[in-house]
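Structure, as structure tokens:
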Amino acid sequence: MSIEQIAENRYLHATVGRWRSISRLLSQFVVISILILGVLIAALLAFRIAQAVDEIQQTHVRNQINVIAHDMTEFLSSRNQILADHARFPVMVQGVMQPDFNKGIVRDFMGNLTFLGKQYQEVLLDFSGQTLQQLLPQPTFNYAGEQWFTDLIDGKQISYQGISRGSGGLYYWRLAQPVLYNNLPEGVLLVEIPITELTDKIAEELGEVGLDIVWQGNSIKQIGAVVNGSPIVLTEPVSGVQLNFSIDDSIASAATTRLLTEMSLLILVMSVLVGWLSIRLGRVWFIQPIKNLQMFAESVASGSDYQLAPNKYRVQEFGQLANDFMRMSERITRRENALLKKRDELARLNEDLTNSQAQLVQSEKMASLGTLAAGVAHEINNPVGYIKNNITTLNEYLDVLLPLVSDYYKYAMGQQFENPGLLQRIKTQLGDEDLDYLLEDIGPLLEDTAEGTDRVKSIVAGLKSFARVDESEQKQFDLNECVESTLKVVWNELKYKCEVNQQLSNVPPITGNPGQINQVIMNLLINAAHAIPERGAITIETTHENGEVVLRVTDTGVGISEENIGMLFTPFFTTKPVGSGTGLGLSISHGIVEQHGGLIEVESEVGKGTTFTVKLPAVEQEVVAV
């Protein structure tokens with residue numbers, strides 16, 4: 001087993017160790033779902049029960065209130081009718097019209113008057129509000145000047161019903177009827193009924209309802225448990241007395257709470273039973289089949305043999321899924337074998353494609369070298385020619401100088417006696433040859449020869465860097481050096497057709513293969529030269545822009561049409577005549593620039609020229625603080 005497989009297995013085991021089993025997750029899911037469902041059901045039932053209890057309570061309370069309001073209305077209405085009957089008695093009319101002659105008769109008559117078997121303070125008033133007769137000594141009131149009395153005397157009201165307050169802070173229901181003579185009010189008969197007569201009767205019917213009786217904004221009597229909140233308000237239409245009914249919810253709330261508690265316990269017990277049963281059935285019907293499928297999937301992944309038994313499943317879908325898994329396993333095995341076969345074929349094709357690509361690049365390089373061979377040979381031949389001429393001249397100078405030097409040497413060594421003509425021969429040679437010219441010309445000859453050898457050396461170095469396109473080593477290099485070395489190689493192709501303007505800035509280095517970049521520059525320069533029909537100019541510019549080293553090659557040639565610009569980097573596309581180009585130069589250059597993480601762009605205008613822009617990522621230099 002390889003290191004990568006071991007690492008992958010460790011990662012898978014570590015990952016699987018953090019996963020949870022499906023049985024545990026299903027159990028948690030069932031429990032949580034049932035609990036949530038139980039809580040929701042309990043909340044819904046609690047809401048509905050509370051709502052129903054509240055509705056029942058409200059209905060009951062309103063029925064009670066309606067009964068109380070009806071009883072109060074009947075109580076006042078019946079007594080008001082009795083008082084009206086009393087006011088119509090002739091003795092009452094006589095008591096008002098002739099109070100001095102009928103006092104005893106009226107007093108005796110009023111002493112026998114009752115309201116359903118009960119006597120209350122009954123008072124007879126004249127038209128000025130003065131008391132003529134009253135049944136009981138207490139309570140007493142001053143009725144003169146009150147508005148209700150004036151309205152009754154003036155005929156604006158046919159009766160009066162209201163609340164009065166006597167001595168000691170006691171409140172009374174005051175009922176008043178006019179005493180008529182010839183249908184004109186001549187006096188008033190009224191009765192003061194203690195309010196307790198009505199409230200005691202109401203208190204027996206209130207139950208859990210509280211009542212607050214309000215008259216003219218003041219609470220005059222509270223009955224039952226009066227609680228804060230929004231009361232149910234009824235107003236007695238005749239007297240304007242306001243009845244504020246409030247409800248004591250404590251009894252109903254206690255019953256509702258007890259009912260909800262019992263219901264919650266029942267739901268909890270049912271949830272536990274349903275959850276246990278669901279988990280048991282889920283393990284048999286769902287979890288075990290899923291585990292079997294999991295074991296089968298693991299066996300497929302590991303390459304072992306594990307057979308499923310679809311007929312053992314109780315759930316139809318799981319049985320069908322097991323059959324599908326088996327068929328899928330067989331198809332996976334067949335496809336895996338087919339993929340392995342295809343992989344081997346693709347690997348072989350990829351190797352062939354790589355070799356073809358390398359051969360294609362090499363062919364383009366050789367084609368470029370073939371195009372430049374004659375020019376490069378001419379560039380090398382010029383310095384070699386004058387080196388040869390200089391060496392020939394130097395040999396002639398040596399033919400003159402070496403005999404003279406030899407004779408001088410012999411003369412200096414004292415051999416003139418052995419050679420009697422030595423001195424004369426030296427004089428003759430000095431007279432025949434222009435030694436000053438010879439000695440002066442030797443230095444420039446040697447300098448020209450050295451210059452010629454340096455020129456040959458630079459051309460060869462340029463060819464060498466251009467030829468090493470396929471080296472795989474990546475290193476940092478200066479783009480300006482690539483431009484200069486490439487210019488030396490292609491100079492013979494350019495110098496007869498155009499003027500070359502170099503605008504090379506100080507740019508940071510780039511990383512890559514300098515030989516391949518040289519090939520890109522050479523392709524751009526040769527294409528620029530071919531685009532110039534007779535005589536023109538080529539501008540080579542390098543700059544540093546936004547972290548990139550930019551090379552621009554601009555020519556004053558014929559330009560490229562818009563429909564051809566999109567095809568420039570397509571392999572085998574060329575605008576040159578048949579036999580003049582392979583159509584691979586720009587395509588290979590585009591691939592080289594992309595391999596270096598760069599971008600190549602083109603702008604052209606027909607009749608004015610073309611600019612190719614190459615952008616390559618720069619190697620940022622570290623700034624050292626001084």
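Using the heavy atoms of the protein chains alone and a 1.4 angstrom probe, what is the accessible area of region 70-128 per residue in square angstrom?
The answer is 52 Å² per residue.
By how many nm would the segment from Thr235 to Met328 lengthen if fully extended, with 0.36 nm per residue of separation less the alpha-carbon distance?
Taking 0.36 nm per residue and subtracting the Cα distance, the gain is 25.1 nm.
Once R0 is set to 30 Å, what does the formula 1/(1 + (r/R0)^6) return for the Cβ-Cβ distance between Val500 and Asp441, expressed as a FRET efficiency to the nearest 0.05?
Once the sixth-power term is evaluated, E becomes 0.30.
Multiplying the sequence separation of Ala144 and Ser561 by 0.36 nm and subtracting their Cα-Cα distance, what value in nm do you get?
Numbers: separation 417, 0.36 × 417 = 150.12 nm, distance 12.04 nm.
Contour length minus the Cα-Cα distance gives 138.1 nm.
Packing-wise, with mean Cβ within 10 Å as the measure, how do 323-336, 607-620, 509-522 rank, highest first?
Ranked from most to least packed, the peptides come out as 509-522, 607-620, 323-336.
Figure the gain on full extension for Leu339 and Asp154 (residue separation times 0.36 nm, minus the Cα-Cα span) and round it to one decimal in nm.
Fully extending the segment from Leu339 to Asp154 adds 54.8 nm.
Applying 1/(1 + (r/R0)^6) with R0 = 22 Å to the Cβ-Cβ distance of Arg258 and Gln51, what FRET efficiency is obtained, to the nearest 0.05? Walk me through the numbers on the way to the answer.
Numbers: r = 17 Å, r/R0 = 0.77.
That gives a FRET efficiency of 0.85.
Please calculate how many Å² of accessible area region 477-557 carries per residue, with a 1.4 Å probe and no DNA, RNA or ligand atoms counted.
Details: 3070 Å² over 81 residues.
Per residue, region 477-557 has 38 Å² of solvent-accessible surface.
For a protection proxy built on the mean count of beta-carbon atoms within 10 angstrom, sort 549-555, 176-182 highest first, please.
Working: 549-555: 21.9, 176-182: 19.7.
Packing order, densest peptide first, comes out as 549-555, 176-182.
With only Lys, Arg, Asp and Glu charged, each at its Cβ (+1 for the first two, -1 for the last two), find how big the charge dipole of region 57-206 is about the Cα centre; round to the nearest 20 debye.
40
Quote the FRET efficiency, to the nearest 0.05, computed for Leu402 versus Ala450 with a Förster distance R0 of 25 Å and r equal to the Cβ-Cβ distance.
Taking R0 as 25 Å, the efficiency between Leu402 and Ala450 is 0.65.
Checking the table Lys118/Lys201; Lys457/Lys615; Lys497/Lys615; Lys495/Lys615; Lys388/Lys495 against a 21 Å threshold on Cα-Cα, which pairs fail? Walk me through the numbers before you get to the answer.
On the way: Lys118/Lys201 15 Å; Lys457/Lys615 31 Å; Lys497/Lys615 27 Å; Lys495/Lys615 27 Å; Lys388/Lys495 25 Å.
Beyond 21 Å: Lys457/Lys615; Lys497/Lys615; Lys495/Lys615; Lys388/Lys495.
Report the label-to-label distance for Lys457 and Ile41 in nanometres (one decimal), using points 7 Å from each Cα along the Cα→Cβ vector.
Once both label points are built, they end up 10.1 nm from each other.
How do Glu541, Glu236, Glu447, Glu55 rank by accessible surface area computed with a 1.4 Å probe, from largest to smallest?
Numbers: Glu541 55, Glu236 15, Glu447 130, Glu55 100 Å².
Ranked list, largest accessible area first: Glu447, Glu55, Glu541, Glu236.
Please compute the modelled spin-label separation between Val619 and Asn66, points set 7 Å along Cα→Cβ, answer in nm with one decimal.
10.2
Going 7 Å from the Cα of Arg88 along its beta-carbon direction, which residues of region 148-174 have the amide nitrogen within less than 17 Å of the resulting point?
Counting backbone N atoms under 17 Å from the label point, the list is 158-160.
Using packing as a proxy for protection, rank 592-602, 483-493 so that the peptide with the highest average count of other Cβ atoms within 10 Å comes first.
483-493, 592-602
I need the shape label for region 478-565. Rule: rounded when a/c is under 1.5, else prolate if a/b > b/c, else oblate, with a, b, c from the alpha carbon gyration tensor.
Because a/c hits 1.5 or more and a/b exceeds b/c, region 478-565 counts as prolate.
The values are calculated or read from the model by the stated rules, or taken from the named source; none is laboratory data. All values derive from a computational prediction rather than experimental measurement. All Cβ positions, even for glycine, are placed from backbone atoms using ideal geometry, and neighbour counts span all protein chains on display. Protein only, heavy atoms only, side chains kept; ligands, DNA and RNA dropped before computing areas. Shrake-Rupley method; radii C 1.70, N 1.55, O 1.52, S 1.80 Å.
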